[in-house]
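Chemist: Structure below; questions to follow.
The values are calculated or read from the model by the stated rules, or taken from the named source; none is laboratory data. In this text, all values refer to a predicted model and were calculated from it rather than measured experimentally. Because the Cβ atoms are built from the backbone with ideal geometry, glycine has one as well, and the counts that use them run over all protein chains shown.
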Amino acid sequence: MLLIPCPYCGPRPEIEFSYGGEAHLARPRDPAACDDAAWGDFLYARTNPKGIHAERWRHAHGCGRFFNALRHTVSDQFLITYRIGAPRPEIAA
Amino acid sequence: MRAAFRMPAGGRIARGETLSFRFDGRIYTGHPGDTLASALLAHGVHLLGRSFKYHRPRGVLAAGSEEPNALVEIDRGGGRRTPNLRATEVALYDGLVARSQNRAPALSFDLGRINDFFAPLLSAGFYYKTFMWPRRAWRMLYEPLIRRAAGLGRAPEAPDPDRYANRFGHCDVLIVGGGPAGLMAALAASAGEARVVLVDEQAACGGSLLDETTATIAGQPAPVWLAETLATLNARATVRLLRCATAFGYYAENFIAIAERVTEHLADPDPGLPRERLWQMRAREVVLATGATERPLVFPGNDRPGVMLAGAARTYLNRYAVRPGRRAVIVTACDSAYQAASDLAAAGVEVALIADLRDTLPAVASDLAARGIRVAAGMTVLGTQGGLRVRSVAVAPARGGASVRLACDLVLMSGGWTPAIHLFSQSRGQVRFAADLGAFIPDRSVQRERSAGACRGLLDLAETLADGARAGAAAARAAGFPVPDLPRPAVAGAITPAGFHLGLCPRAAATRAFVDFQNDVTAKDIARAAQEGFHAIEHVKRYTTTGMATDQGKTSNLNALALVAAATGRAIPEVGLTSFRPPYTPVTFGTLAGLSRGALFDPVRTTPIHPWAEARGAVFEDVGAWRRARYFPRSDEDMHAAIARECRATREALGLLDASTLGKIEVVGPDAAEFLERFYVNALRKLGIGRCRYGLALGENGFVRDDGVIGRLAPDRFHVTTTTGGATATLDRMEDYLQTEWPDLHVWLTSTTEHWAVLAVQGPQARAALAPLITDIDLAPAAFPPMSVRVGHILGVATRLFRVSFTGELGFEINVPADYAGAVWEAVAARVAACGGAVYGTEAMHVLRAEKGYAIIGQETDGTVTPGDLGLDWTIGKGKTDFIGKRALALPDLRRPGRKQLVGLLTTDPALVLEEGAQIIAGPNPSPGSTALGHVTSAYPSATLGRSIALGLVAAGRQRLGARLYAQTPGGVAEVDLVSPVFFDPAGRRIDG
């Protein structure tokens, strides 16, 4: 079981968390201004990298808060977690 | 029966107490401290079981958890029958009942032995080759026969009556293995404040030190040093010793699974104790001190009872005071066997010969020669002879020359030692092949872990102790606890087990030369697999099943690798190593399941009305985690009659439904209205206080996700309901948007699903029924119109009263705090009965809403349905510039003509109820490959309409109204007419009461 560092509560076991998909996909401010392709990308296009992945997690059975994490998809290791709204940290693979 | 092979003195057994036990019906005796294996060997019993495939007689090979042969069934009575336990690990207690396995009719005379004579037919992969034809015979004949003849033990038949516990543990340093390295690691790691846990699979800590009689540590005999060390550790409050506990799995982030056997070794355990306890231990730092396992030599007949690992013989002699035989021949490639020979000779066992496979004898050989023991270098072993016990062994010079048969009742062998890297490998650590050891050792750690002692190839006792101290101190420091270096203890009188041999012995035949004892895999099987083109070790493993038995190849893996390497002309590292997977030793299902059995396996949610419904004989159904009353049959009613009566009563007079499972969310804050305006398709910002609106929530992809009723109680307070199944997901989605997309909105969400119980009172008599119970809310139509909410009291209990309907009738939903719901329900139910109404369940609820064409999200929808598909475009707020899903509704595919739309379906046969999911097709004989037009989503017999009704999604359904289509049924196609989904009261007048 992974140990996930919640930015608010500290390290907690994986079963307390729920996964929230890829991070840094902001909902467009004015959806009507998006063409169909852009909205389709927003809905469905995801990066699925082999390596560092920025993703959303929620400490569902703890503080209930969403946060972002950089996780390595090969080693399954959490490299860093950070609060919603903070920019993606620069980390070398 | 006299224990003729028990020494008069010595050993770690409590001779003062005699225990009696049964093996295959015969009564034997032993002492506390014995294992089943040692107690049987004390009586000269070596034959303990029959092998998996060939039913060959098998004895005790080893003395610990690596034992592949001596598997027994232990029966503790009352359904407590456990198969496949290793006799070498079963602690003896008074009254123990053990049985051998895989034999018929008796262990000494086994008809299955005939498999051994057909061995050429049953070689590697035989089941892929031999039983191929005819096809039918496999299922009818071959498989049942093979299953009866092969296999390990019998599964217990009765439900497991024992209790199992589960515990989460945390520590700074976890040490796995209580041998010399582990004990030193614990001493060093616990010198400061660190919380240290030491796990050992045996009942007594000490590992190899438990067998030690000659070595001294720090000037003391090893047993004295061991006792003092354990006393020191026990006295430290920060140290926890877990005995009879196997660390069987190493998972991510230093998460270790440990199975602790709590009562298994006790004759009369406290019934309050669990049988086993699963520890889920999270450690800051881990020290693996898992030791090493001795390897057998591979030669014909190396599996005969009386053929044993040299180190195991030493264990039985020194730890259990048991002579494993009278006349021994020792074949070895490793110096440690000389220690065994020395101890056996001193105990009066005749050592006929030490045949060393190596060309040069080790220095220790001269000591034994000086005591009159024959020692020969450059030898090999060609086979053993005997029936149920070894009678003689054939040895010969390795480079050619005549062989000699030596009479003996004990053959001890040592092919060297294999570091136990299982847990290290499970931790994803990288291993490397150490050519000087002939084994794989840990190379690079991935987790916060370090190996110490024999499990990383340090077989010398002094080095092992020093390595343990180093690793323990390093672990404590890495966990943030400063500790001093321990002085390196001086060691004397120990033999370092140098030397090894891998693969088949020189000149020995490969037939019946066993590599994997438990799965009956021989050197010949492996050679044949290589011949047939299986070169990758993972393929050889699966084809021959070597290493795939319950012992996971602890004694066999390296010999198998060496044989593959030899057969394919490669070096062992090129052949590779198979993966080690949890569990290290078998774990009972009970331990893994813990308390999650019976009612706790999948806990059920019930409403406050549940006891009332149960007392009235309601029939329940599971709806997600909820258990809901489906219908309330009277004594003479079947399900259909009960539902028909409940529906009629509701339409004609009154119905009462427990709707407490509805999801409820309290949405509060200055921006609550703005938030709901964005979350739902409806116009909610200007919703009046005391007013309600049907709310439809979409995903960003434009498809319907949930619906409910939104009631405004105050400018900044809304009572929002969701579907029963969508409650959690809707709250989560609301939280998601508030936290991540719109953090500027000041809104607070609280789940009130379990706070409010909901009584749905529906039917023409609803107002009349409730009026006497509610004094502070005006129920008059003008004062309390449809889709409004009032706050007041019912029977003095605070209520939020909604005028909403999911039946099309005049309806109220009474929300009361759950703690008062039982009492309110009783009073309302009495009123309903007095008005000629009935309590109804979920099935009638479904029928009543279907008669009105109300869609259930999750029943009519499947995640690809838009509001327009459901005919709910009217719910979308006009002039709203944005809401979740709005942009997607403008995507071409969501506006495509011909999308499936919600329609009503009437079968031409009014008695026919379609099946939910049935396909709707254009003609009665669809051509192959043609596409269905849609499918049935709901179908019921309707008492109100006197016929069956159905809802469905059909392509361009609203344009096809009036058309005749066809539906698939189990009896062929049925004609259906497409109609409006509103079957009853299309004008919607009844809702006004």
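Chemist: What are the residue pairs meeting all of these: first residue in region A:56-72, first residue closer than 11 Å to B:Gln739 by Cβ, second residue hydroxyl-bearing (Ser, Thr, Tyr) and buried (at least 18 other Cβ atoms within 10 Å of the Cβ), Cβ atoms under 8 Å, and 6 or more apart or on different chains?
Modeler: A:Arg56/B:Thr740; A:Phe66/B:Thr740; A:Phe67/A:Thr81
Chemist: Pairs needed: first member in region B:657-677, closer than 14 Å to B:Trp748 by Cβ and touching a residue at least 60 places away in the same chain (Cβ under 8 Å); second member anywhere, part of a strand (DSSP E or B) and of a type in the set (Phe, Trp, Tyr); C-beta distance under 6 Å; at least 6 residues apart or different chains.
Modeler: Taking only residues 6 or more apart or on different chains, the pairs are B:Val667/B:Phe718; B:Val668/B:Trp748; B:Gly669/B:Trp748; B:Ala672/B:Phe718.
Chemist: How many residues, within region B:880-889, are surrounded by fewer than 19 Cβ atoms within 10 Å (Cβ to Cβ) and more than 10 Å from every other protein chain (Cβ to nearest Cβ)?
Modeler: Residues flagged as surrounded by fewer than 19 Cβ atoms within 10 Å (Cβ to Cβ) and more than 10 Å from every other protein chain (Cβ to nearest Cβ) within region B:880-889 amount to 1.
Chemist: With B:Arg712, B:Arg678 as the choices, which residue is within 14 Å of chain A (Cβ to nearest Cβ), on the phi < 0 side of the Ramachandran plot, crowded, with 17+ Cβ neighbours inside 10 Å and modelled with pLDDT of 95 or more?
Modeler: Details: B:Arg712 fails: within 14 Å of chain A (Cβ to nearest Cβ).
Being within 14 Å of chain A (Cβ to nearest Cβ), on the phi < 0 side of the Ramachandran plot, crowded, with 17+ Cβ neighbours inside 10 Å and modelled with pLDDT of 95 or more holds for just one of B:Arg712, B:Arg678, which is B:Arg678.
Chemist: Still on this structure: Residues that are more than 44 Å from the chain's Cα centre (by Cα): list the helices (runs of 4 or more DSSP H) wholly contained in region B:800-912 that include at least 2 such residues. Before you say what the answer is, go through the steps one by one.
Modeler: Numbers: elements: B:818-834, B:842-851, B:886-889, B:892-895.
Correct list: B:818-834, B:892-895.
Chemist: Can I ask one more? Among the strands (runs of 3 or more DSSP E) confined wholly to region B:227-318, which include 3 or more residues that are farther than 30 Å from B:Ala527 by Cβ?
Modeler: On the way: elements: B:239-242, B:245-251, B:255-261, B:276-288, B:292-294, B:307-309.
Fully inside region B:227-318 and qualifying: B:239-242, B:245-251, B:255-261, B:276-288.
Chemist: Keeping to region B:736-755, report how many residues are among the hydrophobic types (A, V, I, L, M, F, W, C) and facing chain A (nearest Cβ under 10 Å).
Modeler: Pass one, region B:736-755, residues among the hydrophobic types (A, V, I, L, M, F, W, C): B:738, B:742, B:745, B:747-749.
Narrowing the set further to residues that are facing chain A (nearest Cβ under 10 Å) leaves B:738, B:742, B:749.
Total satisfying the criteria: 3.
Chemist: For region A:41-73, name all the residues that are loosely packed, with under 12 Cβ neighbours inside 10 Å and either closer than 18 Å to A:Glu16 by Cα or among the β-branched types (Val, Ile, Thr) (or both).
Modeler: Within region A:41-73, A:Thr47 is the sole residue that qualifies.
Chemist: Could you grab me the full set of residues in region B:459-478 that are surrounded by 21 or more Cβ atoms within 10 Å (Cβ to Cβ) and assigned to a loop (DSSP other than H, G, I, E, B)?
Modeler: B:Leu459
Chemist: Check region B:890-911 and report whether any residue there is out of contact with any Ser or Thr (no Cβ under 9 Å at 6 or more places or on another chain), within 14 Å of chain A (Cβ to nearest Cβ) and surrounded by 15 or more Cβ atoms within 10 Å (Cβ to Cβ).
Modeler: Looking through region B:890-911, at least one residue is out of contact with any Ser or Thr (no Cβ under 9 Å at 6 or more places or on another chain), within 14 Å of chain A (Cβ to nearest Cβ) and surrounded by 15 or more Cβ atoms within 10 Å (Cβ to Cβ).
Chemist: Looking at B:Lys554, B:Lys524, which one is under 17 Å from B:Thr293 (Cβ atoms) and either in contact (Cβ under 8 Å) with a residue 40 or more places away in the chain or in contact with a helix residue (DSSP H, G or I) (Cβ under 8 Å, 6 or more places away or on another chain) (or both)?
Modeler: Working: B:Lys524 fails: under 17 Å from B:Thr293 (Cβ atoms).
Only one candidate passes the filter, namely B:Lys554.
Chemist: Please find, among B:Ala729, B:Ala697, B:Ala757, the residue that is crowded, with 22+ Cβ neighbours inside 10 Å, closer than 30 Å to B:Pro892 by Cβ and not charged (D, E, K, R).
Modeler: On the way: B:Ala729 fails: crowded, with 22+ Cβ neighbours inside 10 Å; B:Ala757 fails: closer than 30 Å to B:Pro892 by Cβ.
Matching residue, one of B:Ala729, B:Ala697, B:Ala757: B:Ala697.
Chemist: Can you confirm whether B:Pro586 is modelled with pLDDT of 95 or more and not acidic (Asp, Glu)?
Modeler: Numbers: modelled with pLDDT of 95 or more: no; not acidic (Asp, Glu): yes.
Spelling it out, it is not the case that B:Pro586 is modelled with pLDDT of 95 or more and not acidic (Asp, Glu).
Chemist: Restricting to region A:1-41, name every residue that is at the interface with another protein chain (Cβ under 10 Å from one of its Cβ atoms), part of a helix (DSSP H, G or I) and within 23 Å of A:His72 (Cα to Cα).
Modeler: Listed by number, the list holds a single entry, A:Glu14.
Chemist: Mind checking which residues of region A:75-93 are loosely packed, with under 12 Cβ neighbours inside 10 Å and farther than 16 Å from A:Phe17 by Cβ?
Modeler: Result: A:Gly85, A:Ala86, A:Pro87, A:Glu90, A:Ile91, A:Ala92, A:Ala93.
Chemist: Report, by residue number, each residue of region B:606-625 that is in contact (Cβ under 8 Å) with a residue 24 or more places away in the chain and surrounded by fewer than 17 Cβ atoms within 10 Å (Cβ to Cβ).
Modeler: B:Pro611, B:Arg616, B:Val619, B:Glu621, B:Val623, B:Gly624
Chemist: Answer yes or no: is there a residue in region B:392-406 that is in contact with a helix residue (DSSP H, G or I) (Cβ under 6 Å, 6 or more places away or on another chain) and buried (at least 18 other Cβ atoms within 10 Å of the Cβ). Reasoning before the result, please.
Modeler: Here is the first cut: in region B:392-406, the residues in contact with a helix residue (DSSP H, G or I) (Cβ under 6 Å, 6 or more places away or on another chain) are none.
No, because not a single residue in region B:392-406 is in contact with a helix residue (DSSP H, G or I) (Cβ under 6 Å, 6 or more places away or on another chain) and buried (at least 18 other Cβ atoms within 10 Å of the Cβ).
Chemist: Which of the numbered conditions does B:Thr775 fail, given that it passes all the others? Conditions: (1) modelled with pLDDT under 95; (2) outside the structural domain of B:Gly624 (by TED's automatic domain parsing).
Modeler: That leaves (2) as the condition not met.
Chemist: If you don't mind, there's one more thing I want to ask. Scan region B:437-458 for residues that are part of a loop (DSSP other than H, G, I, E, B), away from chain A (no Cβ under 14 Å) and in contact with a strand residue (DSSP E or B) (Cβ under 6 Å, 6 or more places away or on another chain) and jot them down.
Modeler: Pass one, region B:437-458, residues part of a loop (DSSP other than H, G, I, E, B): B:437-438, B:445-448, B:452, B:457-458.
Filter once more, so that each one left must be away from chain A (no Cβ under 14 Å): B:437-438, B:452, B:457-458.
B:Ala452, B:Gly457 - these are the residues of region B:437-458 that are part of a loop (DSSP other than H, G, I, E, B), away from chain A (no Cβ under 14 Å) and in contact with a strand residue (DSSP E or B) (Cβ under 6 Å, 6 or more places away or on another chain).
Chemist: Name the residues in region A:46-78 that are away from chain B (no Cβ under 11 Å), over 9 Å from the mean Cα position of the chain (by Cα) and part of a strand (DSSP E or B), would you?
Modeler: Scanning region A:46-78 gives A:Ile52, A:His72.
Chemist: Then there's this: Tell me, yes or no, whether region B:506-515 has at least one residue that is part of a helix (DSSP H, G or I), buried (at least 24 other Cβ atoms within 10 Å of the Cβ) and touching a residue at least 60 places away in the same chain (Cβ under 8 Å). It would help to see each step written out before you state the result.
Modeler: Step one: filter region B:506-515 for residues part of a helix (DSSP H, G or I), giving none.
No, region B:506-515 contains no residue that is part of a helix (DSSP H, G or I), buried (at least 24 other Cβ atoms within 10 Å of the Cβ) and touching a residue at least 60 places away in the same chain (Cβ under 8 Å).
Chemist: OK, next. Here is a check on your reading of the model: is B:Gly291 at positive phi, buried (at least 21 other Cβ atoms within 10 Å of the Cβ) and more than 14 Å from chain A (Cβ to nearest Cβ)? Spell out the reasoning first.
Modeler: Details: at positive phi: yes; buried (at least 21 other Cβ atoms within 10 Å of the Cβ): yes; more than 14 Å from chain A (Cβ to nearest Cβ): yes.
Yes; evaluated as a whole, the condition is true for this residue.
Chemist: Follow-up. Quick check on my filter: what residues within region B:614-656 are assigned to a helix (DSSP H, G or I) and farther than 29 Å from B:Phe984 by Cα? Spell out the reasoning first.
Modeler: The first filter runs over region B:614-656 and keeps only residues assigned to a helix (DSSP H, G or I), leaving B:614-615, B:639-652.
Result: B:Glu614, B:Ala615.
Chemist: Could you list, in sequence order, the residues of region B:220-241 that are surrounded by 21 or more Cβ atoms within 10 Å (Cβ to Cβ) and under 15 Å from B:Val176 (Cα atoms)?
Modeler: Correct list: B:Val239 only.
Chemist: Would you kindly identify the strands (runs of 3 or more DSSP E) lying entirely within region B:1-116 that contain at least 1 residues that are touching a residue at least 60 places away in the same chain (Cβ under 8 Å) and in contact with a helix residue (DSSP H, G or I) (Cβ under 7 Å, 6 or more places away or on another chain)?
Modeler: On the way: elements: B:19-23, B:26-30, B:71-75, B:81-86, B:97-100.
Where strands (runs of 3 or more DSSP E) fall fully within region B:1-116 and carry at least 1 residues being touching a residue at least 60 places away in the same chain (Cβ under 8 Å) and in contact with a helix residue (DSSP H, G or I) (Cβ under 7 Å, 6 or more places away or on another chain), they are B:19-23, B:26-30, B:97-100.
Chemist: On to the next question. For region B:352-370, check the following and say yes or no: at least one residue is over 51 Å from the mean Cα position of the chain (by Cα), closer than 21 Å to B:Leu504 by Cα, outside any loop (DSSP other than H, G, I, E, B) and without any contact (Cβ under 8 Å) to a residue 24 or more places away in the chain.
Modeler: no
Chemist: Let me ask something else about it. Of all residues in region A:1-40, count the ones that are surrounded by fewer than 12 Cβ atoms within 10 Å (Cβ to Cβ) and among the hydrophobic types (A, V, I, L, M, F, W, C).
Modeler: So the count comes out to 5.
Chemist: If you don't mind, another one. Would you confirm whether any residue within region B:76-87 is at negative phi, at pLDDT 95 or above and crowded, with 24+ Cβ neighbours inside 10 Å?
Modeler: Yes: one or more hits.
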